[in-house]
1. Take the alpha-carbon positions of the stretch 70-181, form their convex hull, and give its projected area averaged over all directions (one quarter of the hull surface) in nm².
2. Give, as a single signed number, the net charge of other residues whose beta carbon lies under 11 Å from the beta carbon of Q109, with Lys and Arg counted +1 and Asp and Glu -1.
3. Between I16 and E55, what's the calculated FRET efficiency when r is the beta-carbon distance and R0 is 45 Å? Round to 0.05.
4. Calculate the spin-label point distance for R141 paired with L156, positioning each point 7 Å from the Cα along the beta-carbon direction, and give it in nanometres.
5. Given a 1.4 Å probe and heavy atoms of the protein chains only, how would you sort Y70, Y178, largest accessible area at the top?
6. Hey, what did the stretch 26-146 get for relative contact order, percent, Cα under 8 Å, at least 6 apart?
7. Using the crude model of +1 on Lys and Arg Cβ and -1 on Asp and Glu Cβ, and no other charge, please compute the dipole size for the chain relative to its Cα centre, in debye to 20.
8. At each listed q (0.24, 0.26 Å⁻¹), what is the log10 of I(q)/I(0) that the Debye formula gives for the stretch 38-128 modelled as equal alpha-carbon point scatterers?
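The values are calculated or read from the model by the stated rules, or taken from the named source; none is laboratory data. This is a predicted model, so every value here is computed, not measured. Because the Cβ atoms are built from the backbone with ideal geometry, glycine has one as well, and the counts that use them run over all protein chains shown. Please note that ligands, DNA and RNA were not included when accessible areas were found on the heavy atoms of the full protein model with its side chains. Shrake-Rupley method; radii C 1.70, N 1.55, O 1.52, S 1.80 Å.
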Amino acid sequence: ERPSLTNLSPAEQAAIIESIRERRRAYAERFALQAEAERNGEQGVRVSDNDAFREHDAPAISVIITLYNYQEYIQSCVQSLNEASLGAIPGGIEILIVDDASTDQSLRQARRAQSDSALPVRIIEKKFNTGLADARNVGLRRARAPYAFIMDADNLVFPAALEQLYAAIVNSGAAAAYSIL
């Protein structure tokens, strides 16, 4: 259980606040570096596709997996998608793994999961770590499907989850569908 800021001494509160400010400054610096690189015509990401991704251009759902230092989880995450029931989803799914400049072996494990999967898998390797929201936005910009399902690398899906969510959104005409975790 995390202590409340109000239960901490003024010095401890100040240290936590300064830590948050420093992380924000670091993200802002990396965003600026990313923007500068793009202005100079440099690519901020490197993309690699498996054969299934290149051969499949009309998925119904883009599953966007954000990845940052989750080397021990990414293969299980992709495996849960490999085991998902997809027969009721015309066009199936594509998987976009957005690596947010991991510093561990996450990218290596993602490539392994990509090569082991029969599903269409694209890996988007970001040059700069700019945080979860930006990683999700990068994935959304690269998604080819009309629907997106966003998950983190330490998440798993139940086998029928995507089919049920797809049916819910298509049959309701809603802008979004979600489930209880």
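1. On the way: hull surface 28.0 nm².
If you wrap the Cα atoms of the stretch 70-181 in a convex hull and average its projections, you get 7.0 nm².
2. Numbers: positive: R108, R111, R112; negative: E72, D99, D104, D116.
Local net charge: -1.
3. Numbers: r = 50 Å, r/R0 = 1.11.
The pair I16/E55 has a calculated efficiency of 0.35.
4. Between L156 and R141, the label points sit 3.4 nm apart.
5. Details: Y70 75, Y178 185 Å².
My answer, sorted largest first, is Y178, Y70.
6. Values: 215 pairs, mean separation 46.2, N = 121.
After rounding, I find 38 percent.
7. Values: 19 positive and 24 negative charges, 84 e Å.
The calculation lands at about 400 debye.
8. Here log10 of I(q) over I(0) equals -1.20, -1.34.
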